[in-house]
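The values are calculated or read from the model by the stated rules, or taken from the named source; none is laboratory data. What you are looking at is a predicted structure, and each value in this text was computed from that prediction instead of being measured. Note that we place each Cβ from the backbone using ideal geometry, even for glycine, and neighbour counts take in every protein chain shown.
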């Protein structure tokens, strides 16, 4: 059985591995930090958050200050899907963000049916494409 | 004949009585304010629950009480004078005899649900038996000091005990974000406060109403202490009458079902919610999720401060551990008292995770917290906290970010998995003498226009609601302008190219350009972080929103410009700042912690609300959604192409899906080339210490035993960091200028005019 843990990651309870949900790539042991099995890139904030006012004229431009914040991007090494993004302090180590108790997960899912598509929960809004649109 | 044990008990009682009688100051009681749990079941509640077991009756009473809370909410919203009241920054609620909030209004600021029980418990503990005070039918108590349990002291509560034939059965209370409170800056949330004595009225719970009438002498004292005396009176009356309406509805239940049935209903409701919360927690996977957010400002100066969270779920326990968070800054206003942090975490559950549960204290009751006293999220009695929203909002965001990672796998969901909401009150706080000659101090309800986080299946909604009140309104600007002497020349226009990208993008924020017109005694403040560093995180490969500065144009009267050369006026921040259309004007940018600034007629203050977080890999964004955003002016074509790798005709916006697919495939390959294996990346980029040239506060990497206190040379014990006093930024600037002057003098060989020490 496989448990869908995030938009792009699942845990195979039999092999106890993190897997990429896009390309099936085995990322690493589910008892460890999945990020250790991914590629990491330090992104320049200007690539994502443009200076909408002129950085040559002004100190604050709507673009984050790259000396004050680092953006780490984590990619699947097999398909290049961006699985996680972390905004952090410059020089800070990436966080071990999901430390799973695999034994407890196995026990929990031994009482459940496998779910192949994530459960979304109750719908509270009309779809944007059918809403008010000028 | 008395035994030794009897004697010991008598001695103990005597000591307790002596200590009680000789207590010189009834300050905040740690037993009360550090405990967010519902009180133990009392013998009276036990008896009532034995007597009333019909769940239909319990449910019927609960529905009536809920309706009463909505009615009270409506009264305050319709009649309240404070902008916060008009636009929903309020709550009304019914509390058990022990002080637990059981039923709160569905709308409004739900953080109050987790806070107002503290002052009620203070009243119960200290004033019921106190012969100089007492608690009687028709009494009303006022409170605002967050050290006795509150968000910040701009929020005032009116608390009314409800009796039946002389027996205290429950409490009714109403809380409003009043704004003005007599602090050193107008509007009630001074960022210049360096001690708690700079923060205006600090009301421990005290009696201000007898026989359902406000005591005029105390009222006059309160009015005399604030900038808006009429508002103080009006809203005290409004809250009192809302509480009286609640009392009326409660007494109607006494008539039909009896007070014991109501007591049983309150207790049963709270205990059921606690049980249900434990059941829901049990459905989550057992794990620890770690996250952090970055505070980039104290509102006086830029600095890096960490809010750190490890959220652990084990069985039916859920533990929020804030160890590693920045120490408090003892002369800055951004600290929060512990109840405020807990309340805001509770808000995350009530708003975005389990909105179907009754709005009450019980939802938070089984959740556990670990924090260190003397930190930003659990500050000391001495530390100012008038801008506690800063650390409170970050606490919300780390809670929201961490819980999303638990919720994804759950088969039963009560809401959709959500990226973090924008979390800052990007708005104008204002004050001075208005066009009618009245002194005012308050804020624009645009603080309620935060961009929503993207959900797992759809984009976030623009400027939807604040994180502290899902159903608060941003108000009508034109109504506001009847009372204030400034116009928002640009209002509610989305700020293009500031979205948080993702498979689903965050809901965006809008531009506000304000300018004073009809007063020589008027000014503005802005009190948010995030002008250098985003204040939130994205989710599952989505990004956060960008950063949001303050832009100013001075030495211009834009109203003259609008009369003589209206074409010079530009309707966006980027056109105004980049094109600099007014020839003799000065253009500048600032962080968003602007202290109260007297404005001149026609000068421009320009800010933008922020974007909620993005969800998922931007390369998976539906290309038609990208085009819709371009058509709606949310993003420019060139930027959309760069971010989302879409190919389309620039004139017709016709998509080339094949070319788009190829662009995206190529970009995925590029990522694989650019990205480094984790270990290699860590070796190259991770440092053993924080940046040396930026003041940093908090833990570093995995070491949670030590926290930095503004310098890599100042390391402290995380469990007891001690006070930190930050130098006044003006003194820092004077020091820099003096050093520069000294260097120039030396270079030019010009002696100082006065060398005496």
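Consider segment B:601-623. How many of its residues are within 12 Å of residue B:500 (Cβ to Cβ), part of a loop (DSSP other than H, G, I, E, B) and facing another protein chain (nearest Cβ under 8 Å)?
The qualifying residues number 1.
Which is free of Cβ contacts under 8 Å to residues at least 12 places away in the same chain, more than 10 Å from chain A (Cβ to nearest Cβ) and assigned to a helix (DSSP H, G or I), of B:255, B:276, B:271? Lay out the reasoning, then the answer.
Numbers: B:276 fails: free of Cβ contacts under 8 Å to residues at least 12 places away in the same chain; B:271 fails: free of Cβ contacts under 8 Å to residues at least 12 places away in the same chain.
Going through B:255, B:276, B:271 in turn, just one is free of Cβ contacts under 8 Å to residues at least 12 places away in the same chain, more than 10 Å from chain A (Cβ to nearest Cβ) and assigned to a helix (DSSP H, G or I): B:255.
Can you work out which of the residues in segment A:86-115 that are loosely packed, with under 15 Cβ neighbours inside 10 Å and free of Cβ contacts under 8 Å to residues at least 40 places away in the same chain is nearest to the other protein chains (Cβ to nearest Cβ)?
A:112
Which numbered condition trips up residue B:493, out of (1) at pLDDT 95 or above; (2) within 14 Å of chain A (Cβ to nearest Cβ); (3) part of a strand (DSSP E or B)?
For residue B:493, the exception is condition (1).
Please go through segment A:68-85 and pick out each residue that is within 21 Å of residue B:672 (Cα to Cα), facing chain B (nearest Cβ under 7 Å) and touching a helix residue (DSSP H, G or I) at 6+ places or on another chain (Cβ under 9 Å).
Applying the first criterion (within 21 Å of residue B:672 (Cα to Cα)) to segment A:68-85 yields A:70-85.
Those left that are additionally facing chain B (nearest Cβ under 7 Å): A:75, A:77, A:79-85.
Correct list: A:75, A:77, A:79, A:80, A:81, A:82, A:83, A:84.
Is it the case that residue B:689 is more than 9 Å from every other protein chain (Cβ to nearest Cβ) and over 30 Å from residue B:465 (Cβ atoms)?
Numbers: more than 9 Å from every other protein chain (Cβ to nearest Cβ): no; over 30 Å from residue B:465 (Cβ atoms): yes.
So residue B:689 fails the test.
Could you tell me which residue of segment A:8-67 is nearest to residue B:510 (Cα to Cα), considering only residues that are touching a helix residue (DSSP H, G or I) at 6+ places or on another chain (Cβ under 8 Å), in a strand (DSSP E or B) and at the interface with chain B (Cβ under 10 Å from one of its Cβ atoms)?
A:42
Given the criterion over 20 Å from the mean Cα position of the chain (by Cα) and part of a strand (DSSP E or B), identify the matching residue among B:226, B:208. If you could, list the steps in order and put the result at the bottom.
On the way: B:226 fails: part of a strand (DSSP E or B).
None of the other options fit; the residue is B:208.
Regarding residue B:162, is this residue closer than 20 Å to residue B:68 by Cα and either in contact (Cβ under 8 Å) with a residue 60 or more places away in the chain or assigned to a loop (DSSP other than H, G, I, E, B) (or both)?
Working: closer than 20 Å to residue B:68 by Cα: yes; either in contact (Cβ under 8 Å) with a residue 60 or more places away in the chain or assigned to a loop (DSSP other than H, G, I, E, B) (or both): yes.
When the stated conditions are applied, residue B:162 passes them.
Being assigned to a loop (DSSP other than H, G, I, E, B) and more than 30 Å from residue B:290 (Cα to Cα) is the filter here, so list the residues in segment B:518-545 that pass it.
Residues satisfying the conditions are B:518, B:519, B:520, B:521, B:526.
Of all the residues that make up segment B:676-704, how many are assigned to a strand (DSSP E or B) and either free of Cβ contacts under 8 Å to residues at least 24 places away in the same chain or on the phi > 0 side of the Ramachandran plot (or both)? First the steps, then the outcome.
Within segment B:676-704, the first condition is being assigned to a strand (DSSP E or B), and the residues that meet it are B:676-677, B:696-700, B:703-704.
After this cut, where a residue has to be either free of Cβ contacts under 8 Å to residues at least 24 places away in the same chain or on the phi > 0 side of the Ramachandran plot (or both) as well, the list is B:676-677, B:698, B:700, B:703.
Number satisfying all stated conditions: 5.
Somewhere in segment B:293-313, is a residue out of contact with any strand residue (DSSP E or B) (no Cβ under 6 Å at 6 or more places or on another chain), modelled with pLDDT of 95 or more and part of a helix (DSSP H, G or I)?
no
List the helices (runs of 4 or more DSSP H) that sit entirely inside segment B:1-111 and contain at least 3 residues that are touching a helix residue (DSSP H, G or I) at 6+ places or on another chain (Cβ under 7 Å) and either closer than 30 Å to residue B:178 by Cα or in contact (Cβ under 8 Å) with a residue 12 or more places away in the chain (or both).
Values: elements: B:4-21, B:30-33, B:43-51, B:55-79, B:83-86.
It comes to B:43-51, B:55-79, B:83-86.
If we keep just the residues of segment B:192-233 that are in contact with a strand residue (DSSP E or B) (Cβ under 7 Å, 6 or more places away or on another chain) and buried (at least 21 other Cβ atoms within 10 Å of the Cβ), which is farthest from residue B:246 (Cα to Cα)?
Checked segment B:192-233; the qualifying residue farthest from residue B:246 (Cα to Cα) is B:227.
Looking only at segment B:640-664, count every residue that is assigned to a helix (DSSP H, G or I) and in contact with a helix residue (DSSP H, G or I) (Cβ under 9 Å, 6 or more places away or on another chain) and tell me the total. Walk me through how you get there before you give the answer.
We begin by selecting, within segment B:640-664, every residue assigned to a helix (DSSP H, G or I); these are B:640-644, B:657-664.
Now restrict to residues that are in contact with a helix residue (DSSP H, G or I) (Cβ under 9 Å, 6 or more places away or on another chain): B:640-644, B:657, B:660, B:663-664.
Looking only at that region, the number is 9.
Select from segment B:14-47 the residues that are surrounded by 11 or more Cβ atoms within 10 Å (Cβ to Cβ), more than 24 Å from the chain's Cα centre (by Cα) and under 20 Å from residue B:128 (Cβ atoms) and list them in ascending order.
Within segment B:14-47, the first condition is being surrounded by 11 or more Cβ atoms within 10 Å (Cβ to Cβ), and the residues that meet it are B:20, B:26-30, B:32-39, B:41-42, B:44-47.
So of that shortlist, the ones also more than 24 Å from the chain's Cα centre (by Cα) come out as B:20, B:26-27, B:39, B:41-42, B:44-47.
The answer is B:20, B:26, B:27, B:39, B:41, B:42, B:44, B:45.
Within segment B:337-344, does at least one residue satisfy the condition of being within 14 Å of chain A (Cβ to nearest Cβ) and crowded, with 20+ Cβ neighbours inside 10 Å?
Within segment B:337-344, the first condition is being within 14 Å of chain A (Cβ to nearest Cβ), and the residues that meet it are none.
Checking segment B:337-344: not a single residue is within 14 Å of chain A (Cβ to nearest Cβ) and crowded, with 20+ Cβ neighbours inside 10 Å.
For every residue, the table says whether it meets (1) closer than 27 Å to residue B:610 by Cα; (2) in contact with a strand residue (DSSP E or B) (Cβ under 8 Å, 6 or more places away or on another chain).
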| residue | (1), (2) |
| --- | --- |
| B:352 | yes, yes |
| B:358 | no, yes |
| B:363 | no, no |
| B:368 | no, yes |
| B:383 | no, no |
| B:390 | yes, yes |
| B:398 | yes, yes |
| B:407 | yes, no |
| B:411 | no, no |
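Of the residues that sit in segment B:559-584 and are in contact with a strand residue (DSSP E or B) (Cβ under 8 Å, 6 or more places away or on another chain) and closer than 27 Å to residue B:299 by Cβ, which one is surrounded by the fewest Cβ atoms within 10 Å (Cβ to Cβ)?
The extreme case among them is B:572.
When the residues of segment B:128-146 are filtered to those that are crowded, with 24+ Cβ neighbours inside 10 Å and touching a helix residue (DSSP H, G or I) at 6+ places or on another chain (Cβ under 8 Å), which remaining residue is nearest to residue B:340 (Cα to Cα)?
Restricting attention to segment B:128-146, the residues satisfying the condition of being crowded, with 24+ Cβ neighbours inside 10 Å are B:140-144, B:146.
Subsequent filtering for residues that are touching a helix residue (DSSP H, G or I) at 6+ places or on another chain (Cβ under 8 Å) retains B:140-143, B:146.
On the way: B:140: 24, B:141: 21, B:142: 18, B:143: 15, B:146: 8 Å.
By that ranking, first place goes to B:146.
Which residue, of B:640, B:654, B:665, is buried (at least 20 other Cβ atoms within 10 Å of the Cβ) and free of Cβ contacts under 8 Å to residues at least 60 places away in the same chain?
Numbers: B:654 fails: buried (at least 20 other Cβ atoms within 10 Å of the Cβ); B:665 fails: buried (at least 20 other Cβ atoms within 10 Å of the Cβ).
Just a single option satisfies the conditions, and that option is B:640.
Considering only residues that are more than 14 Å from residue B:480 (Cα to Cα) and assigned to a strand (DSSP E or B), look in segment B:427-443 and name the one that is nearest to the chain's Cα centre (by Cα). Can you show your working first?
So the first thing to find is which residues in segment B:427-443 are more than 14 Å from residue B:480 (Cα to Cα), and the list is B:432-433, B:437-439.
Applying the additional criterion that residues be assigned to a strand (DSSP E or B) yields B:432-433, B:439.
Numbers: B:432: 25, B:433: 28, B:439: 26 Å.
By that ranking, first place goes to B:432.
What are the pairs with Cβ atoms under 7 angstrom where one residue, in segment B:546-560, is within 14 Å of chain A (Cβ to nearest Cβ) and within 16 Å of residue B:598 (Cα to Cα) and the other, located anywhere, is at pLDDT 95 or above and assigned to a helix (DSSP H, G or I)? Sequence gap at least six, or different chains.
Qualifying pairs under 7 Å: B:551/B:573; B:551/B:577; B:553/B:576.
Run residue B:420 past the list (1) more than 22 Å from residue A:63 (Cβ to Cβ); (2) within 14 Å of another protein chain (Cβ to nearest Cβ) and report the number of the one that doesn't hold.
The single condition residue B:420 does not satisfy is (1).
Checking the structure you have, find out if any residue of segment B:467-490 is free of Cβ contacts under 8 Å to residues at least 12 places away in the same chain, farther than 22 Å from residue B:544 by Cβ and either part of a loop (DSSP other than H, G, I, E, B) or in the same structural domain as residue B:151 (by TED's automatic domain parsing) (or both). Break it down into steps so the answer makes sense when it comes.
In the first step, residues of segment B:467-490 are kept if they are free of Cβ contacts under 8 Å to residues at least 12 places away in the same chain; the result is B:476, B:478-479, B:481-482.
If we keep only those that are farther than 22 Å from residue B:544 by Cβ too, we end up with B:476, B:478-479, B:481-482.
Now narrow it down to the ones that are either part of a loop (DSSP other than H, G, I, E, B) or in the same structural domain as residue B:151 (by TED's automatic domain parsing) (or both): B:476, B:482.
Yes, there is a match, as at least one residue in segment B:467-490 is free of Cβ contacts under 8 Å to residues at least 12 places away in the same chain, farther than 22 Å from residue B:544 by Cβ and either part of a loop (DSSP other than H, G, I, E, B) or in the same structural domain as residue B:151 (by TED's automatic domain parsing) (or both).
Test residue B:633 against the stated conditions and say whether it is more than 10 Å from chain A (Cβ to nearest Cβ), closer than 20 Å to residue B:571 by Cα and either modelled with pLDDT of 95 or more or part of a loop (DSSP other than H, G, I, E, B) (or both). Walk me through it before giving the result.
On the way: more than 10 Å from chain A (Cβ to nearest Cβ): yes; closer than 20 Å to residue B:571 by Cα: yes; either modelled with pLDDT of 95 or more or part of a loop (DSSP other than H, G, I, E, B) (or both): yes.
Criteria met by residue B:633.
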